[in-house]
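Peer 1: Just passing along the structure, written as structure tokens.
The values are calculated or read from the model by the stated rules, or taken from the named source; none is laboratory data. Predicted, not measured: the structure shown is a model, and the values here were computed from it. A quick note on method: Cβ atoms are made from the backbone with ideal geometry, for glycine too, and the neighbour counts reach across all protein chains shown. Please note that ligands, DNA and RNA were not included when accessible areas were found on the heavy atoms of the full protein model with its side chains. Shrake-Rupley method; radii C 1.70, N 1.55, O 1.52, S 1.80 Å.
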Amino acid sequence: MIPFDRIETVFLDVGNTLVSIDFQRVASALAALGTPVDLDVLRRAEAASRPRISKRFAVTPWREPEEPFVVYLRGILTELERLQAGGNGRLSALVPQLVPMLRGARASDLWSSVMPRVPESLSALKALGLRLAVVSNSDGTVEQMLRSVSLRDYLDAVVDSAVVGYEKPDPRIFEHALSRVGADPATTLHVGDLYDADVVGARGAGLHALLLDPFGDWTQVDCDTIPDLSALATAMVHARRAGSA
């Protein structure tokens, strides 16, 4: 169990923790290819794809024949076919056409939609006196993106793998973040959406780890899960109140 009442620092992943992909843009691209899709179903498919692709995204350096973005999109479309009960690989076959329609020069060109209740949750965590830092596998543009969506001011530090030279699950990226904010791993919690990158990496550096699981897709993991950042803020507030009672 995570000792929420003793946590002093929270590290946060970015993708699917603070921001999501632009689901409307993905849906529009699919519609242009003759495959309209409900936005809620698309969001559900993305979340369901995470347990299936987690291990693949935790191998560094990347060794697969397809680049990470292609693997990610293919995972979403595979789950979308499953949720819509059919397709026989038709959606997955659209990946080569979909990639150039969605790809920008930077990851933040697609990953820029602030998730529900994130600003309020970050504000609540800061009000508890917690140090907050981002620890993200990115392309060197995550800090700029966080500024553009008005989230940077909530954070004490932003650690981008492309800048520091280590990617999760390498514990050195977490150790770098600990040094940046002067945190103790025993009182630091990392929150992210991929078990094999976020949980395994955080534990390797001696941190507590919490997995975001909005729909209960992670059924065989040995860690605590929580649906979103708002639920984390609520848990932290309740723990602080119980500890001071």
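Peer 1: Mind listing whichever residues of the stretch 154-167 are part of a helix (DSSP H, G or I), touching a strand residue (DSSP E or B) at 6+ places or on another chain (Cβ under 8 Å) and open to solvent by 20 Å² or more (accessible area, probe 1.4 Å)?
Peer 2: Hit for the stretch 154-167 is Tyr154, nothing else.
Peer 1: Here's a follow-up. Give the stretch 144-153 a look and list any residue that's outside any loop (DSSP other than H, G, I, E, B) and within 13 Å of Val19 (Cβ to Cβ), or say none.
Peer 2: Result: Gln144, Met145, Leu146, Arg147, Ser148, Arg152.
Peer 1: Which residues, taken from the stretch 1-26, are in contact with a helix residue (DSSP H, G or I) (Cβ under 9 Å, 6 or more places away or on another chain), among the hydrophobic types (A, V, I, L, M, F, W, C) and open to solvent by 10 Å² or more (accessible area, probe 1.4 Å)?
Peer 2: Ile2, Phe4, Phe23
Peer 1: Just the residues that are hydroxyl-bearing (Ser, Thr, Tyr) and surrounded by fewer than 17 Cβ atoms within 10 Å (Cβ to Cβ), please, taken from the stretch 181-207.
Peer 2: Thr187 - this is the single residue of the stretch 181-207 that is hydroxyl-bearing (Ser, Thr, Tyr) and surrounded by fewer than 17 Cβ atoms within 10 Å (Cβ to Cβ).
Peer 1: Against the condition modelled with pLDDT of 95 or more, over 20 Å from Leu18 (Cα atoms) and open to solvent by less than 40 Å² (accessible area, probe 1.4 Å), how does Asp170 come out, does it pass?
Peer 2: So Asp170 fits the description; yes.
Peer 1: So, Leu212, is that one open to solvent by less than 50 Å² (accessible area, probe 1.4 Å) and either more than 14 Å from the chain's Cα centre (by Cα) or acidic (Asp, Glu) (or both) or not?
Peer 2: no
Peer 1: Shifting gears a bit: Among the residues of the stretch 201-214, count how many are in a loop (DSSP other than H, G, I, E, B) and of a type in the set (A, V, I, L, M).
Peer 2: Residues that pass the stated criteria total 2.
Peer 1: Another question, then. Could you list, ordered by first residue, the pairs with Cβ atoms under 7 Å in which the first is in the stretch 181-204 and within 20 Å of Asp228 (Cβ to Cβ) and the second is surrounded by 18 or more Cβ atoms within 10 Å (Cβ to Cβ) and acidic (Asp, Glu), at least 6 apart or interchain?
Peer 2: Correct list of pairs: His190/Asp198; Val191/Asp13; Gly192/Asp13; Gly192/Asp198; Asp193/Asp13; Asp198/Asp13.
Peer 1: Shifting gears a bit: Being under 24 Å from Arg106 (Cβ atoms) and surrounded by 14 or more Cβ atoms within 10 Å (Cβ to Cβ) is the requirement here; does Leu77 meet it?
Peer 2: So Leu77 fits the description; yes.
Peer 1: Restricting to the stretch 113-122, what's the tally of residues that are of a type in the set (Gly, Ala, Ser) and either open to solvent by 60 Å² or more (accessible area, probe 1.4 Å) or outside any helix (DSSP H, G or I) (or both)?
Peer 2: Looking only at that region, the number is 1.
Peer 1: I've got another one for you. Kindly evaluate Leu33 against the criterion of being modelled with pLDDT of 95 or more and of a type outside the set (S, T, N, Q).
Peer 2: The answer is no for Leu33.
Peer 1: Scan the stretch 215-239 residue by residue and report those that are part of a loop (DSSP other than H, G, I, E, B) and open to solvent by less than 70 Å² (accessible area, probe 1.4 Å).
Peer 2: Residues satisfying the conditions are Gly216, Asp217, Trp218, Val221, Cys223, Pro227, Asp228.
Peer 1: Right, another one. Among the listed residues Arg52, Arg43, which satisfies the condition of being open to solvent by 70 Å² or more (accessible area, probe 1.4 Å), within 17 Å of the chain's Cα centre (by Cα) and closer than 24 Å to Met145 by Cα?
Peer 2: Arg43
Peer 1: Follow-up. From the list Leu151, Leu132, Leu178, Leu110, pick out the single residue that is surrounded by 20 or more Cβ atoms within 10 Å (Cβ to Cβ) and in contact with a Leu (Cβ under 7 Å, 6 or more places away or on another chain).
Peer 2: Residue meeting the stated conditions: Leu151.
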